[in-house]
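The values are calculated or read from the model by the stated rules, or taken from the named source; none is laboratory data. These numbers were taken from a predicted model, which means no experiment stands behind them. Cβ placement follows ideal geometry from the backbone for every residue including glycine, while neighbour counts extend to all protein chains displayed.
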Amino acid sequence: MPEPNFFILGVILVLLTMLFAIFTLVKMKRIRELVRIVSNLNRSLEEMDEQAKLIVRTDMELNKTQSELDKKIAGLYTLQRLSRAITTTLEEAKIFEMIEPRRLEEMGFEKALAFLWNDKERKFSLPLNIGFTQQETQGVISRLDTEIALRILEEEKTLSSFSIEEAALKESIDRIFGMKAYVIAPVLPKHGERGLLFVGTDSADVVLTEGDEELVTILANQLGQALENARLFEQTWRAQQELENKVEQRTKELTDALEKIKIISKRKSDFISAVSHELRTPLTSIKGFAAILLAEKLGALPAAVKERLEKINRHSDELVHMINDLLDIARIESGRMTMKIEPQDLKNIVASVSDLITVQCKSKNIDLVQHLEAGLPPVFADRSQIDRVFINLLGNAVKFTPQNGKITIRAEQDNDHVRVDISDTGIGIPEESLESIFEEFYRIDNEINQQVKGTGLGLSLVKNIIEAHKGIISVKSKLNSGSTFSFTLPIAK
Ligand code: ADP
């Protein structure tokens, strides 16, 4: 048996050791690589985990935001409906009735109270109560600290259970209302009683946010605006009502007065008619006897007697003239005057009255001018009455215009009427007399009137005649410059 070769064995051992070492080294390298890969994997896993957590978190937040957004939209929708109902209510007592419990619930609250502060009586009234039992309400009223309530009102700021910084204040409000989640907003109309709107919830799941605070603030603002509108409406309505009552009362007074005037006017017309008739009979006799005497049928008369008789005759004529005017005024006023209304050509009327007045004009060297619009339509008039109008107005114009003056007759169409202006360059009429000159027996105290006789009936008669024709008469005048009398007559269609 050969001797084992220790050298070779040693070499083999060394070689084996080296091989093992090399193998181990290679393995170690791989292991290290694997460790690195594993740690990389670990890191990736951790990162993925983080990302997954982030995704979950983001999703949760998104869900929360979404539900808050849904709540806000629902709240806004409800608020819009409430606002419409509130702002279209013009009765103060009905405004708070518009806040129905279901609408409040849609906004996330089940209890509400509204207070209005009466400054005179120094106390709050309760126009709204939702969800509070009678006992709870009594409790709130008894605990309500006026000072705190007025402070919230003065500061004009919305307070909510989650945002009150002052611990003592929060404690007081919690105690007054006995609730943990609530919003209190001031109701601030510009006029009248101001107040507070309290809304709250007992639900443990509800977490109030700034969005809720905003919604309640908007609702309280709308209430304030609605109260303001209702109060203004009430004021305007009351004022209008008062005005209507006054107008009604005045109308009644005026109607009564008019009735009285009509009765008095009728009595006056009847009286004038009666007296005039009574006067006319003896006057006719006087005139008749004077005429017989003047005709010397009862014997020749001395010149002095004749002269006196002529005076009696002249004065009797004037009296007859005056009585006739008075009778006509009374007849027209009482509607007893029968008029023959027919289409009349103003050109003809003006021509004939101008002829009549020409002699008087010439005697004072007064220029009589006509300006009649070409193609004047015919007017509806009673010829003899309109002749009287022209004769009276032209007669006055001549009477009150000094020597060498001018009188102008103008006529032109004015819509469905023809307007006639008779102007003179005479003494004019003082402003304070302009309203009175159409009254019976009114005469201005001036030099001409002191010298020339007149009755003060002419213009009254003219006015009555024009008004009986459904026309209007007016006057414009300047003292010492002249006057213009204008009247209208309806066009004959
Ligand atoms: P009478 O002429 O008989 O006095 P009227 O009724 O015709 O009565 O006129 C009333 C008064 O109006 C006249 O007395 C006169 O003072 C004033 N009056 C009328 N027409 C004129 C006129 N054209 N110019 C100035 N005054 C006038």
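Listed values, structure above:
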| read-out | value |
| --- | --- |
| Residues satisfying the stated conditions in the range 424-445, i.e. more than 26 Å from Leu368 (Cα to Cα) and among the aromatic types (Phe, Trp, Tyr) | Phe441, Tyr442 |
| Residues that are modelled with pLDDT under 90 and loosely packed, with under 14 Cβ neighbours inside 10 Å, drawn from the range 301-314 | Arg314 |
| Residue match in the range 386-400 (condition: basic (Lys, Arg) and crowded, with 16+ Cβ neighbours inside 10 Å) | yes |
| Subset of the range 449-476 [within 43 Å of the chain's Cα centre (by Cα) and over 23 Å from Glu412 (Cα atoms)] | Ser460 |
| Whichever residue in the range 110-145 is of a type in the set (Asp, Glu) and in contact with a Ser or Thr (Cβ under 8 Å, 6 or more places away or on another chain) and, among such residues, is surrounded by the fewest Cβ atoms within 10 Å (Cβ to Cβ) | Asp145 |
| The range 437-471 - residue that is among the polar types (S, T, N, Q) and in contact (Cβ under 8 Å) with a residue 40 or more places away in the chain and, of those, farthest from the ligand (Cβ to nearest atom) | Asn464 |
| Failed item, numbered, when Ile292 is tested on (1) farther than 18 Å from Ile329 by Cβ; (2) surrounded by 14 or more Cβ atoms within 10 Å (Cβ to Cβ) | (2) |
| Candidates Arg336, Arg383, Arg410 - the one that is surrounded by fewer than 18 Cβ atoms within 10 Å (Cβ to Cβ) and out of contact with any strand residue (DSSP E or B) (no Cβ under 8 Å at 6 or more places or on another chain) | Arg336 |
| Unmet criterion (only one of (1) surrounded by 18 or more Cβ atoms within 10 Å (Cβ to Cβ); (2) in contact with a helix residue (DSSP H, G or I) (Cβ under 8 Å, 6 or more places away or on another chain); (3) assigned to a helix (DSSP H, G or I)) for Ile148 | (1) |
| Selection status of Ile349, out of contact with any Lys or Arg (no Cβ under 8 Å at 6 or more places or on another chain), of a type outside the set (S, T, N, Q), in a helix (DSSP H, G or I) and surrounded by 12 or more Cβ atoms within 10 Å (Cβ to Cβ) | no |
| Options Leu434, Leu479; residue that is more than 8 Å from the ligand (Cβ to nearest atom), within 38 Å of the chain's Cα centre (by Cα) and touching a residue at least 40 places away in the same chain (Cβ under 8 Å) | Leu434 |
| Residue among Asn415, Asn404 that alone is away from the ligand (no atom under 11 Å from the Cβ), modelled with pLDDT of 95 or more and surrounded by fewer than 18 Cβ atoms within 10 Å (Cβ to Cβ) | Asn404 |
